[in-house]
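The values are calculated or read from the model by the stated rules, or taken from the named source; none is laboratory data. In this text the structure is predicted, and so the values were computed from the model without any measurement. In this analysis, Cβ positions are derived from the backbone assuming ideal geometry, glycine residues included, and neighbour counts consider all displayed protein chains.
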């Protein structure tokens with residue numbers, strides 16, 4: 001199992017955070033017109049300048065296309081930029097439709113770097129040579145200084161084509177060339193301009209989300225020798241660490257704690273919240289596989305067999321007496337499902353519990369941890385991972401019909417539901433725990449490990465953390 005930092009003892013990770021309020025220049029609001037598409041002149045933003053050439057990206061969404069259209073063939077498990085059908089479409093169909101021969105001659109062939117998705121390790125494939133391409137995660141993050149700068153609307157012709165599917169006032173999402181959370185998804189930019197490393201299925205144009213119907217479009221990019229180049233400082237796109245202001249975020253996706261022992265290994269937890277000196281932890285990995293309820297029919301969190309199992313079998317097996325003293329009794333409210341009308345049941349008091357759907361939303365779907373690896377023990381217990389070793393895991397909220405329970409799928413999709421009696425899904429326990437108070441027989445030793453600056457892709461709104469660790473040493 002991969003670990004961010006190997007520790008022998010249980011640890012408390014106390015972090016300060018560097019928040020990027022702006023890590024790139026503001027997109028140059030000067031636009032140029034070059035080419036035409038669907039009977040409209042194409043407007044481009046100028047992003048960069050080097051050796052007499054300008055990097056341009058279309059100001060508007062110019063078309064709606066799939067990243068990969070398999071036709072009658074099976075969609076491959078790993079799809080990189082080199083193999084996508086959108087790459088072919090951009091450099092053939094779009095190129096020939098949008099530009100005259102004179103304009104084509106001004107478009108440079110570019111060595112396109114295709115890095116892996118650093119959040120999830122998804123391979124980016126071979127570097128390519130292209131006239132026209134899509135921006136990568138790094139480029140979309142560093143050429144724009146804010147989410148607002150990345151927001152894009154469609155051209156008039158594309159808006160008319162899609163208005164029957166979507167509220168015409170909405171912004172569109174747009175695809176990047178970088179891979180998403182796994183090989184069949186591509187990174188995207190959301191309606192609000194946020195770079196989404198999880199991404200969307202590459203064969204998606206329309207998708208229903210919590211924000212309603214979304215449209216995924218294309219913003220071509222290219223290096224061009226304009227007749228009158230727009231001169232500006234050149235920007236080196238890299239994984240350089242930026243500095244910024246210090247803050248204390250609510251949810252920290254890079255902070256981990258080892259606490260307890262289960263299935264032959266220490267339990268690693270992500271820190272989700274802090275309140276009144278207590279810390280909310282959710283297991284980083286799927287620790288077991290269990291039915292939500294061992295009887296068919298109507299069920300709530302209060303009455304399910306999984307609640308009993310977590311607070312007896314799991315609780316007694318995973319934690320020693322000293323650790324149990326630190327776990328807080330928590331009063332839980334589980335709201336009903338507004339779509340199905342199913343109730344959430346009575347409030348409960350539990351030491352160990354599952355997140356509700358509302359809590360999952362509150363904590364931003366756990367960021368990169370909305371999908372979770374399966375431990376060897378969980379696999380032996382019946383967890384069914386996909387090829388990337390992710391599996392579906394239970395929430396405690398009610399589902400769409402009687403006997404169904406909300407879950408997060410093995411692809412990270414939320415607001416799904418499954419039979420709590422027929423499905424043995426993954427279990428990611430949650431606990432509120434007192435990690436700060438000293439206890440008899442233990443001493444807290446604080447030491448600085450600033451060398452562990454997390455090396456994540458640079459994004460203007462992201463947070464990078466410097467770890468300071470408190471290690472509990474048994475006396």
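Scanning the stretch 29-43 for residues that are within 13 Å of residue 62 (Cβ to Cβ) and in contact (Cβ under 8 Å) with a residue 60 or more places away in the chain, which turns out surrounded by the most Cβ atoms within 10 Å (Cβ to Cβ)? The residue in question is 35. Scanning the stretch 340-359 for residues that are within 25 Å of the chain's Cα centre (by Cα) and either outside any helix (DSSP H, G or I) or at pLDDT 95 or above (or both) returns 353, 354, 355, 356.
To keep it simple, each residue is scored yes or no on (1) surrounded by fewer than 21 Cβ atoms within 10 Å (Cβ to Cβ); (2) in contact with a strand residue (DSSP E or B) (Cβ under 6 Å, 6 or more places away or on another chain); (3) within 17 Å of residue 430 (Cβ to Cβ).
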position	(1), (2), (3)
302	yes, yes, yes
339	yes, no, no
343	yes, no, no
356	no, yes, yes
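For the stretch 167-203, a residue qualifies if it is over 15 Å from the mean Cα position of the chain (by Cα) and on the phi > 0 side of the Ramachandran plot, but none of them does.
The set of residues in the stretch 99-114 that are closer than 27 Å to residue 183 by Cβ and surrounded by 17 or more Cβ atoms within 10 Å (Cβ to Cβ) comprises 110, 112, 114.
Meeting the requirement of 3 or more residues that are modelled with pLDDT under 95 and over 29 Å from residue 340 (Cβ atoms), the strands (runs of 3 or more DSSP E) wholly within the stretch 256-322 are 256-262, 265-275, 278-283. For the stretch 385-404, the criterion of being buried (at least 20 other Cβ atoms within 10 Å of the Cβ), on the phi > 0 side of the Ramachandran plot and either part of a helix (DSSP H, G or I) or within 21 Å of the chain's Cα centre (by Cα) (or both) is satisfied by no residue at all.
Within the stretch 305-313, does at least one residue satisfy the condition of being assigned by TED's automatic domain parsing to the domain that holds residue 380 and touching a helix residue (DSSP H, G or I) at 6+ places or on another chain (Cβ under 7 Å)?
No, the stretch 305-313 contains no residue that is assigned by TED's automatic domain parsing to the domain that holds residue 380 and touching a helix residue (DSSP H, G or I) at 6+ places or on another chain (Cβ under 7 Å).
When restricted to residues that are touching a strand residue (DSSP E or B) at 6+ places or on another chain (Cβ under 7 Å), at pLDDT 90 or above and either surrounded by fewer than 18 Cβ atoms within 10 Å (Cβ to Cβ) or within 15 Å of residue 45 (Cα to Cα) (or both), the stretch 116-131 contains 2. For residue 280, the stated conditions hold: it is within 12 Å of residue 433 (Cα to Cα) and under 29 Å from the mean Cα position of the chain (by Cα). Considering every residue within the stretch 158-166, establish whether at least one is more than 24 Å from residue 223 (Cα to Cα), in a loop (DSSP other than H, G, I, E, B) and in contact (Cβ under 8 Å) with a residue 60 or more places away in the chain. No: the stretch 158-166 contains no residue that is more than 24 Å from residue 223 (Cα to Cα), in a loop (DSSP other than H, G, I, E, B) and in contact (Cβ under 8 Å) with a residue 60 or more places away in the chain.
When you scan the stretch 405-433, how many residues do you find that are assigned to a loop (DSSP other than H, G, I, E, B) and either modelled with pLDDT under 90 or over 23 Å from the mean Cα position of the chain (by Cα) (or both)?
11
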